[in-house]
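**Student:** My structure is below; once you've seen it, I'll send some questions.
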Amino acid sequence: GESVGLHLPTLSVQEGDNSIINCAYSNSASDYFIWYKQESGKGPQFIIDIRSNMDKRQGQRVTVLLNKTVKHLSLQIAATQPGDSAVYFCAEDFGNEKLTFGTGTRLTIIP
Amino acid sequence: DGGITQSPKYLFRKEGQNVTLSCEQNLNHDAMYWYRQDPGQGLRLIYYSQIVNDFQKGDIAEGYSVSREKKESFPLTVTSAQKNPTAFYLCASSMSQETQYFGPGTRLLVL
């Protein structure tokens, strides 16, 4: 079956360094991808999205890269701050108005 | 303020009891969704609704019911048939084929 997964369940990064969170997807028909940030006890918060006709999209301190050849999605966070500590999810839209979520990566920022 | 609200924040259910979780949005979004999140896991879709008076089962609909009588509201009932209801429940909404935005969640615990 189709799945969205993450390479690493946990990631620790020194404050001020850049972090990269990876996500693999297997449905070549997916046309829309979203990254969410979830802090403990809260609902997921939209970070950035990208459509399949793009390779890269930048936001404030975040960049999403999409490699359709290897079905890989990544989220880069520049100059990480303590407030970046959270679980990060990628989500995939097959075009049927439903999202499929990965299990998440826990990002911990080390002061 | 525009957004999605969920209530209550915590809900306790006795064995054999039905409980209803509230979800309201004032974003004028057409679609609404209910997800269940278990510890250390991603989000699983329970039910979704793309228009008023219509809804579809998601991946884990058994033991749950919903209604969509108003565009702004999409309540979820956890019935006594749901044998393992303890989880974090998240409601989301979106314009058609656009990003889903999440509420703050309701944590359901069984007494």
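The values are calculated or read from the model by the stated rules, or taken from the named source; none is laboratory data. Note that the structure is predicted; figures quoted are calculated from it, not measured. Here Cβ is always computed from backbone atoms with ideal geometry, including for glycine, and neighbour counts include all displayed protein chains.
**Student:** Tell me which of these B:Leu108 doesn't satisfy, since it passes every other one: (1) surrounded by 15 or more Cβ atoms within 10 Å (Cβ to Cβ); (2) more than 14 Å from every other protein chain (Cβ to nearest Cβ); (3) at pLDDT 95 or above.
**Tutor:** (2)
**Student:** Consider only pairs whose beta carbons are under 6 Å apart and that are at least six residues apart or on different chains; among these, list those whose first residue lies in region B:81-105 and is farther than 22 Å from B:Asn28 by Cβ and whose second residue is among the β-branched types (Val, Ile, Thr) and at pLDDT 95 or above.
**Tutor:** Partner pairs satisfying both residue conditions: B:Pro85/B:Val78; B:Tyr89/B:Thr106.
**Student:** Return yes or no: is A:Ser40 touching a strand residue (DSSP E or B) at 6+ places or on another chain (Cβ under 9 Å), surrounded by fewer than 14 Cβ atoms within 10 Å (Cβ to Cβ) and at pLDDT below 95? If you could, list the steps in order and put the result at the bottom.
**Tutor:** Values: touching a strand residue (DSSP E or B) at 6+ places or on another chain (Cβ under 9 Å): yes; surrounded by fewer than 14 Cβ atoms within 10 Å (Cβ to Cβ): yes; at pLDDT below 95: yes.
Judged against the criteria, A:Ser40 is a match.
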